[in-house]
Amino acid sequence: MMYPFIPVGGSVDLAASTSSARVALPTGDPGSLRITNPGSVTVYVTFGASTVTATTAAGMDLPPGTVESFRVPTGATHLAAITASGTATIRLTPGQGL
């Protein structure tokens, strides 16, 4: 059964540009992560370990104005983001549910 998203803990911002950037995911096994892209360019994201790198070819695309909730993959400790052009700051909010 799916439950609505409930935030747990504080949000973190990640500035994305044409070079891959990453941030550590919140500790404590939040289970889910809501990602908001209020910017004007598409951001591509990838979950992984501390060395994860995002690419526009392999990343999950988040178009401008998108709000998506993801289950955090087992073993993922970081999230990386990149844009094809321009910059955008995405907001990551840990929580439970989708």
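The values are calculated or read from the model by the stated rules, or taken from the named source; none is laboratory data. Everything numeric in this text was worked out from a predicted model, so none of it was measured. Note that we place each Cβ from the backbone using ideal geometry, even for glycine, and neighbour counts take in every protein chain shown.
Look at Ala57 and say whether it is hydrophobic (A, V, I, L, M, F, W, C) and surrounded by fewer than 11 Cβ atoms within 10 Å (Cβ to Cβ). Break it down into steps so the answer makes sense when it comes.
Details: hydrophobic (A, V, I, L, M, F, W, C): yes; surrounded by fewer than 11 Cβ atoms within 10 Å (Cβ to Cβ): yes.
Yes: the conditions hold for Ala57.
Looking at Ser11, Ser17 in this structure, which one is touching a Ser or Thr at 6+ places or on another chain (Cβ under 6 Å), surrounded by 12 or more Cβ atoms within 10 Å (Cβ to Cβ) and at pLDDT 95 or above? Give the steps one after another, and end with the answer.
Working: Ser11 fails: at pLDDT 95 or above.
Just one listed residue meets the conditions, Ser17.
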Find the residue count for region 74-89, including only residues that are in a loop (DSSP other than H, G, I, E, B), surrounded by 13 or more Cβ atoms within 10 Å (Cβ to Cβ) and free of Cβ contacts under 8 Å to residues at least 60 places away in the same chain.
2
So the check is Cβ under 7 Å with 6+ separation or different chains; which pairs have a first residue in region 52-73 that's of a type in the set (D, E, K, R) and a second one that's assigned to a strand (DSSP E or B)?
Asp61/Tyr44; Glu68/Ile35; Glu68/Leu62; Arg71/Ser32
